[in-house]
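Down below is the structure, laid out as structure tokens.
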Amino acid sequence: MPDSTSRFSMIEPDAKAPTLKRLRQISRLLDNYITIPGTQVGIGLDPIIGLIPIGGDFLGVMLSCYIILEAARLGVPSATLGRMIVNVIVDSLVGAIPILGDFFDFAWTANTHNVKLLEDYLRFPSQKNNANKWFIFAVFAGLLLIAIVLVALPVIIIRMLWQVLTGS
């Protein structure tokens, strides 16, 4: 009888291939969909979405969370999920810094790194322990909190600047 920590890994191997293919496509779309001619540098939707004031960084985090959620569903262990989360946190927090963050978003490809971590796990799945449901819940609660902060912080800063400029 399987316990609750192994139910995420009960997905048949044949079902993992289409999921992995879909995650690779999403990662490519977000991180390096368009290659700059004459270079190997790619630009994806994530840095472009990040240019949208206030909500862009929030949307970027939510799209990145989808890859982590699917990785958890495929049975990726907590340690690997933790590394994936750190990639998204670095991407979102540094990416939220005006101007510097926009350049950073072009260089840091968190989604590509996360798909690579997933692929590494899928090569040798039996050698690692799967994540439990409470860890996954805590992860997404934390990422949601970060996404909310990414929306609230610019609003607070703009409001403070407005008060300073208008004197009210």
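Key figures for this structure:
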quantity: THR39 versus MET160: modelled label distance in nm, points set 7 Å from Cα along the beta carbon direction; calculated: 3.4
quantity: Charge dipole of the chain about the Cα centre (unit charges at C-beta), most positive-ward option of THR19, ILE146, ASN111; calculated: THR19
quantity: Where labels lie 7 Å past Cα in the beta-carbon direction, separation of ALA152 and PHE103 in nm; calculated: 3.1
quantity: Length-normalised contact order of the chain in % [C-alpha pairs under 8 Å, at least 6 apart]; calculated: 29
quantity: Angle in degrees between helix 133-166 and the longest Cα principal axis of the chain, rounded to the nearest 10; calculated: 10
quantity: Amide H contacts of ILE43 (H built 1.01 Å from N, under 5 Å, at least 5 apart or other chain); calculated: TYR33, ILE34, THR35, ILE36
quantity: Cα shape, the stretch 19-72, gyration tensor, a/c 1.5 rule; calculated: oblate
quantity: Estimated FRET transfer efficiency when R0 is 22 angstrom, pair ALA141-LEU93 (beta carbons, to 0.05); calculated: 0.85
quantity: Highest-fluctuation residue, ILE34, ILE157, ILE148 considered, GNM on the chain with Cα pairs under 10 Å; calculated: ILE157
quantity: The chain shape via C-alpha gyration tensor axes, a/c threshold 1.5; calculated: oblate
quantity: Peptides ranked, highest mean first, by Cβ atoms within 10 Å: ranges 40-47, 137-144; calculated: 40-47, 137-144
quantity: Order of ARG123, ARG83, ARG28 - criterion: other Cβ atoms within 10 Å of each residue's Cβ, fewest first; calculated: ARG123, ARG83, ARG28
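Computed from the coordinates by the stated procedures, all read-outs in this text should not be read as laboratory data. For clarity, every value in this text was computed on a predicted model and none was experimentally measured. Neighbour counts run over all protein chains shown; Cβ positions are idealised from the backbone, glycine included.
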